Ligand code: UDP
C-alpha cells in the first residue's frame, strides 16, 4: 500500500491504521510505503520514502517493486497555506495526480483513492443543500481559492479520463471538513485554532459574520468510510465523505466547543484576516446517501463526542 502525503493529517491516520490492521487483523503481512515530500515520519517497520509526486516517479531508484493499493492524500488543504503557495497547490492536484495515476497503471494496482474536496461545490443554491455528488458547483477561476478549487476539479477530470481511457480502478472522495487528533495545530483550520486558543486561554476568533456554515466529520468515521470506498467503491466514481449533522454556523461552533470542554474564553467575531483567502463557501453540508448505500456505513461519532476527543488529545500535547 502506497500512502502519499503520509506526514499530513490524513496520511498519518492511514499509515497508523494500516500498521494496526497489519499487526492485528491480516493473516499475511502487508507492506506499507509512507511517502512524503517532507522528512518522512512513521513507523520504522514501514518503508519510508521522500517523494515529491509532482516530479517523475522513479520506482527503481526508490526500491519499489510492487504496489497493490494507492491512497493519494498528498496535497495542500489549508486555506492559509494554499493562498501562499498557489502554484504548488495547482501543481500537486494536476501533475501529482497524473503521476500517481500513471504509477497505478504501471503496476496494475487493485484500487486507487484520490482526494478532491467539498470545495468543488462552491456555495450551492438553497435547493441543493444537503449537496449530492451530481451537483455542479460554480467556482471562479480567478479568486484566492481558485488554485485549490479548480485544482481539485482538474484532479477529478484526470481520474475520470484515466478511468474511461485506461479503466483505472480509481475512486474519488470529496471530504467535508474532517477533524480530529493529528491535525496540524498551525495550519489555521478552524477547529485546531479554536482548541489551541482554548488551551492557551485566548478568545476564539470567528471570521466574517460567523453565519457561514460547515459540517464536521470526525476523522475515524472518515477513515473507515474512505478505506471502505477504496475496497468497495465503484471505479471511476465520486463519493461525498462527511457527517451531515449538524450543519452549524461558525459562531455557533465556537460556542459549542466552549460548552463541550467547559471553558469560556470568549468569542470574538472579526473581519477576515488578510492571510485568509476571499470568497469562502457560505454553506456546506453533504448528502451522503450514495456513500452510505455503497459501503453500508454511517458516521458514528457526534460533534460533541468528537470535539471532546480532539480537545483531550491536544490538552496533553500543548
Ligand atoms: N474560521 C474562523 N476562524 C478561524 C479559522 C476559520 O472563523 O480561526 C472559519 C472560516 O472562515 C470558515 C470555517 O471557519 O468559514 C472553516 O474554515 P477552515 O479554514 O477550517 O476550512 P474551510 O472549510 O474553509 O476549508
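Observations, loosely collected:
- Selection status of residue 113, closer than 14 Å to residue 1 by Cβ, in contact (Cβ under 8 Å) with a residue 24 or more places away in the chain and away from the ligand (no atom under 16 Å from the Cβ): yes
- Of all residues in the stretch 258-277 being part of a loop (DSSP other than H, G, I, E, B), out of contact with any helix residue (DSSP H, G or I) (no Cβ under 6 Å at 6 or more places or on another chain) and free of Cβ contacts under 8 Å to residues at least 24 places away in the same chain, the one that is farthest from the ligand (Cβ to nearest atom): 262
- Test: residue 5 is under 20 Å from the mean Cα position of the chain (by Cα), touching a residue at least 40 places away in the same chain (Cβ under 8 Å) and on the phi > 0 side of the Ramachandran plot: yes
- Taking the listed residues 255, 247, the one that is under 19 Å from the mean Cα position of the chain (by Cα) and either within 12 Å of the ligand (Cβ to nearest atom) or at pLDDT 95 or above (or both) is 247, with no other qualifying.
- Taken together, the criteria place residue 223 among residues that are assigned to a helix (DSSP H, G or I), more than 13 Å from the ligand (Cβ to nearest atom) and touching a helix residue (DSSP H, G or I) at 6+ places or on another chain (Cβ under 6 Å).
- Residue list for the stretch 285-318, restricted to those being within 22 Å of residue 227 (Cα to Cα) and outside any helix (DSSP H, G or I): 285, 286, 287, 288, 296, 297, 298, 299, 300, 301, 302
- When the stretch 210-219 is limited to residues that are in contact with a helix residue (DSSP H, G or I) (Cβ under 8 Å, 6 or more places away or on another chain) and not in a strand (DSSP E or B), the one that is farthest from the ligand (Cβ to nearest atom) turns out to be 219.
- Taken together, the residues in the stretch 117-142 that are within 13 Å of the ligand (Cβ to nearest atom), outside any helix (DSSP H, G or I) and on the phi < 0 side of the Ramachandran plot amount to 2.
The values are calculated or read from the model by the stated rules, or taken from the named source; none is laboratory data. Quantities reported herein were computed from a predicted structural model and do not represent experimental measurements. In this analysis, Cβ positions are derived from the backbone assuming ideal geometry, glycine residues included, and neighbour counts consider all displayed protein chains.
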